Amino acid sequence: MMANTVKLIADRLRKIEVKSPSHLIIEQIRGLVAEGVLKPGQKLPSERIMSERFAVSRGIVREALRRLEFYGVLKTLPQSGTVLENIGAPTLAVLIDNVLEIPGNDFATLAEARLVIEAHTARLAAAHASDAQIAEIRRVHARFSGVAGDNRKALEENMLFHLRIAGASGNAVLRSFVSQIEPEIMKFSIQLDAYRDNRMPDIIAEHEAVVEAIERRDPEGAAAAMARHLENARTHDAALVAEDEDDFVPRPDAAPGRRKRKPTRRRTQ
């Protein structure tokens, strides 16, 4: 009887969501809209004033504003600064709610969206990229291959590789989506140390297949090569996540999201 009661209680417990500072800023802006303090079309305080009031860095304020602008809540006007979109307050509140409900650092969701979107940007790049854009994609790939021994630099070049392909697609909306997804993927990859187990030769070969398809102007070949690359990345990183669930223990004095490796296991770097 006691065991059943304990299980019933345990089953009702829910995961605690640790909110980021930018998420909390967005919540405050949503509250101001709901209360009618911040009205459609009104200008927001400067980044400096907001960073002082929120007691956070300007970078965190900028991240929150960037997310709200991307999802159509804010817009930046030349000589005027950042203003709330001039649409009804109820609609704005729903838009902000949608932003708040987007899962942060959810690798599975990001990886799924990335595969669908970037396979298509590769298809469009093969069809529409200029010779100069294709040459730049090739150069970025070469730089990525050249820094394979430095995981941080490789991650930066990897992100640039995907951004250059999106830029060559000719579709500004898709380019914006990729510009939102790739930095999140990079942050997750840094935290996970995604290149730690000698997958780099496979990544280089997968990138090469994408570049070659774009160079020969083969849209379907480029889409298929990108889809294979991103599916392999998703499978590989998901396995690392599962492995880390067993291999890491919480560190009481660490910031949210930081973990300490158990000393009993060793990895191949």
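Were the residues from Glu208 through Glu85 laid out at 0.36 nm apart, the gain over their Cα-Cα distance would be 40.0 nm. Short-range pairs are left out: with C-alpha atoms under 8 Å and at least six residues apart, the relative contact order of segment 1-151 is 21 percent.
For the set Ser179, Ser189, solvent exposure ranked by accessible area (probe 1.4 Å, protein chains only) runs largest to smallest as Ser179, Ser189.
With one equal scatterer per alpha carbon and no solvent term, the Debye-computed log10 I(q)/I(0) for segment 1-158 at 0.19 1/Å reads -1.16. For segment 157-225, the dipole from Cβ point charges (+1 on Lys and Arg, -1 on Asp and Glu) about the Cα centre works out to 260 debye, to the nearest 20. The Arg216 and Val116 beta-carbon pair, evaluated with R₀ = 41 Å, returns a calculated FRET efficiency of approximately 0.95. What pairs in Lys19/Lys153; Lys19/Lys187; Lys153/Lys187 have C-alpha atoms more than 23 Å from each other? In this structure, Lys19/Lys153 exceed 23 Å between Cα atoms. Only protein heavy atoms count here; on that basis, with a 1.4 Å probe, Lys7 has an accessible area of about 120 Å².
On the full set of protein chains, 1.4 Å probe, figure out the accessible area of Ser20 and give it in Å² to the nearest 10. Its accessible surface works out to 50 Å², give or take rounding. Using a cut-off of 14 Å between beta-carbons, work out the net charge of the residues near Phe144 (Lys and Arg +1, Asp and Glu -1, Phe144 not included). Residues close to Phe144 contribute a combined charge of -1.
Globularity index of segment 125-215 is 1.06 (Cα radius of gyration / 2.2 N^0.38 Å, N = number of residues). By a 1.4 Å probe calculation restricted to protein chains, Leu163 has an accessible surface near 50 Å², given to the nearest 10.
The values are calculated or read from the model by the stated rules, or taken from the named source; none is laboratory data. Everything numeric here is computed off the predicted structure, so don't read it as measured data. Every residue, glycine among them, receives a Cβ derived from its backbone with ideal geometry; neighbour counts consider all protein chains shown. Just the protein is used for accessible areas: all its heavy atoms, side chains included, with ligands, DNA and RNA removed. Shrake-Rupley method; radii C 1.70, N 1.55, O 1.52, S 1.80 Å.
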